[in-house]
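**Student:** The structure is given below, and queries will be raised subsequently.
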Amino acid sequence: MKLIDSHAHLDNEQFNEDREEVLNRIKENLDFAVNIGYDLASSKKSVEFAKNYDFIYAVVGVHPDDIGEYSDEVERELEKLAQEDKVLAIGEIGLDYHWMTFPKEQQQEVFRKQMKLAQRVGKPVAIHSREAMEDTLKILKEFPDVKGIFHCYPGSVETAREVIDNYYLGIGGVLTFKNAKKLVEVVENIPLDKLIIETDCPYMAPTPHRGKRNEPVYVEYVARKIAEIKGISYEEVVEVTNRNTRKAYEME
Ligand SMILES: [Zn+2]
């Protein structure tokens, strides 16, 4: 059984030189990869990838660092894209108080608008939250009927227990880093049923590729690390997390 990369950015310029080869490696080695939009242009590219390659699915939305372009018109376009075949969710959306490219209030407003969009189109969401856990939780609780994925889960075990009723936790390359104590605790304590695997490529490459460009096939390092932490077989991790990803994106 082949792994899934539940969160990738294949339209990133770091893939310009050899994108076809990267796509080929996905085709050969993975079940599929999900390409995630971060603004309107990349959301359109995601949909294009999904149309051109049967092993790519798309997610459309505007990332909190890119909300300068957000308008009613952009929202209407996203809503249209969201109806396309193979568009699984709205994302990545959320709050980023680390870069704080836009004021908190503006980030929260656009986050709420895109949560409402997800509600309207009846799709799950892919959440980005950086140094903004309290406000993220507050907004998620305003939308108890929306479900999805907490991408690159940055929180504690306690917070994970609060969100896993509605959200799967996206686990990426950070898990393989030496200083990943907090995330290791999350993987130890949260049932495998609630974890999904991602790269966030080209960012966050796992050890032994740390600091270099990440790509979808590196999900294997994350899966092996989960198996080691939980003391179970690699095959079980692949099987269960694959099923989780399909459930998280409501593919079945
Ligand atoms: Zn991402």
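The values are calculated or read from the model by the stated rules, or taken from the named source; none is laboratory data. No experiment lies behind these values; they were computed from the predicted model shown. All Cβ positions, glycine included, derive from the backbone under ideal geometry; neighbour counts span all protein chains shown. Accessible surface is based on the protein model in full, side chains and every heavy atom, while ligands, DNA and RNA are left aside. Shrake-Rupley method; radii C 1.70, N 1.55, O 1.52, S 1.80 Å.
**Student:** Check Gly94: other-chain or 5+ apart residues with amide H under 5 Å from its amide H, H built from backbone geometry?
**Tutor:** Residues meeting the criterion, in which the H sits 1.01 Å from N, are His128.
**Student:** Hey, another quick one. Of the heavy-atom accessible surface of segment 1-61 (probe 1.4 angstrom), what whole percent is carbon and sulfur?
**Tutor:** Working: 1060 of 2690 Å².
It is 39 percent, rounded to a whole number.
**Student:** Out of segment 75-146, which chymotrypsin sites (Phe, Trp or Tyr not before Pro) are coil in DSSP terms and have no more than 15 other C-beta atoms within 10 Å? Provide the component values of the computation, followed by the final result.
**Tutor:** Details: sites: Tyr97, Trp99, Phe111; in loops: Tyr97, Trp99.
Loop-located and lightly packed - Trp99.
**Student:** Just subtract the alpha-carbon distance of Ile232 and Trp99 from 0.36 nm times their residue separation and send over the number in nm, one decimal. Before the final figure, lay out the partial values.
**Tutor:** Numbers: separation 133, 0.36 × 133 = 47.88 nm, distance 3.74 nm.
In short, 44.1 nm is gained.
**Student:** Which pairs in the list Lys178/Lys247; Lys138/Lys194; Lys27/Lys212 are over 27 Å apart, alpha-carbon to alpha-carbon? Don't skip to the answer; put the middle values down first.
**Tutor:** Numbers: Lys178/Lys247 31 Å; Lys138/Lys194 21 Å; Lys27/Lys212 22 Å.
Checking Cα-Cα distances, Lys178/Lys247 exceed 27 Å.
**Student:** Accessible area per residue of segment 3-248 at 1.4 Å probe, in Å²?
**Tutor:** Working: 10750 Å² over 246 residues.
Accessible area per residue: 44 Å².
**Student:** Expressed in nm to one decimal, what extension gain is obtained for the pair Arg112 and Lys51 from 0.36 nm per residue of sequence separation less their Cα-Cα distance?
**Tutor:** Details: separation 61, 0.36 × 61 = 21.96 nm, distance 2.88 nm.
Full extension from Arg112 to Lys51 adds 19.1 nm.
**Student:** Right, something else. Any idea how far apart Glu13 and Glu158 come out in nm if each label point goes 7 Å out from Cα toward Cβ?
**Tutor:** For the pair Glu13/Glu158, the computed spacing is 4.3 nm.
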